[in-house]
Ligand SMILES: Cc1cc2nc3c(=O)[nH]c(=O)nc-3n(C[C@H](O)[C@H](O)[C@H](O)COP(=O)(O)O)c2cc1C
């Protein structure tokens, strides 16, 4: 077994929240599924990062527009996640969902638990991927119920038990 195989087997055990990262290519919305979204810092200026394979069709548009929006999915959105990680053409992906622009012009999806509208602050390449560090310029929270979509061991899943934070206080 190669190191890469062992790495992938290990990473399959990392449960991740699932996002659709969107951007705008002139007037055409683009987006793809990502689990590599990470919060970087909250203050004084909130920022997050996402790692984007250079083969992903939105990659060039993120570079050109200097914008992207991270949309966190809920457990009912596994089909949407499949659509945005499939070979279905970008315009047909957006025909399946409502969206609106927040500040940068990148699409915020109506179904998202939260949408983080970002301007690219820094980008650097690591092998096959570009790490985009985004300065968050707007946040929208759309749902009160927080039931996130997860990806673990190669499949979409939901938390089996989840105590709303109010129950912990
Ligand atoms: C659960 C899951 C997580 C993914 N995470 C990422 C990611 O973080 N970065 C990335 O570049 N591609 C990721 N992908 C792959 C892209 O979503 C997929 O290649 C997509 O089809 C690319 O968009 P395109 O078809 O428009 O090129 C992920 C796919 C899945 C199913």
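The values are calculated or read from the model by the stated rules, or taken from the named source; none is laboratory data. What you see is a predicted model, and the numbers here were worked out from it, not measured in a lab. Cβ coordinates were reconstructed from backbone atoms using ideal geometry, including for glycine residues, and neighbour counts include every protein chain displayed.
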Starting from the range 52-80, take each residue that is near the ligand (Cβ under 10 Å from one of its atoms) and list its partners that are part of a helix (DSSP H, G or I) and at pLDDT below 95, counting only C-beta distances under 9 angstrom and pairs at least six apart or across chains. 57/90; 58/90
Only one of these conditions is not met by residue 19: (1) under 26 Å from residue 159 (Cβ atoms); (2) surrounded by fewer than 13 Cβ atoms within 10 Å (Cβ to Cβ). Which number is it? (2)
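Do we have any residue at all in the range 86-100 that's closer than 20 Å to residue 120 by Cβ, more than 8 Å from the ligand (Cβ to nearest atom) and touching a strand residue (DSSP E or B) at 6+ places or on another chain (Cβ under 7 Å)? Let's see the steps before the verdict.
Keep residues of the range 86-100 that are closer than 20 Å to residue 120 by Cβ, which gives 90, 99.
Restricting the remaining residues to those that are more than 8 Å from the ligand (Cβ to nearest atom) gives 99.
Still in the running and touching a strand residue (DSSP E or B) at 6+ places or on another chain (Cβ under 7 Å): 99.
Yes.
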List the helices (runs of 4 or more DSSP H) inside the range 15-132, counting only whole elements, that have at least 2 residues being at pLDDT below 95. 90-94
Restricting to the range 1-14, and then to whatever is modelled with pLDDT of 95 or more and either assigned to a loop (DSSP other than H, G, I, E, B) or near the ligand (Cβ under 9 Å from one of its atoms) (or both), can you tell me which residue is nearest to residue 150 (Cα to Cα)? 14
Checking residue 24 against (1) more than 11 Å from the ligand (Cβ to nearest atom); (2) closer than 19 Å to residue 154 by Cα; (3) surrounded by 13 or more Cβ atoms within 10 Å (Cβ to Cβ): exactly one of these is not met. Which one? (2)
Say we look at the range 30-48 and pick out the residues that are farther than 12 Å from residue 19 by Cα and in contact (Cβ under 8 Å) with a residue 40 or more places away in the chain; which of these is surrounded by the most Cβ atoms within 10 Å (Cβ to Cβ)? 30
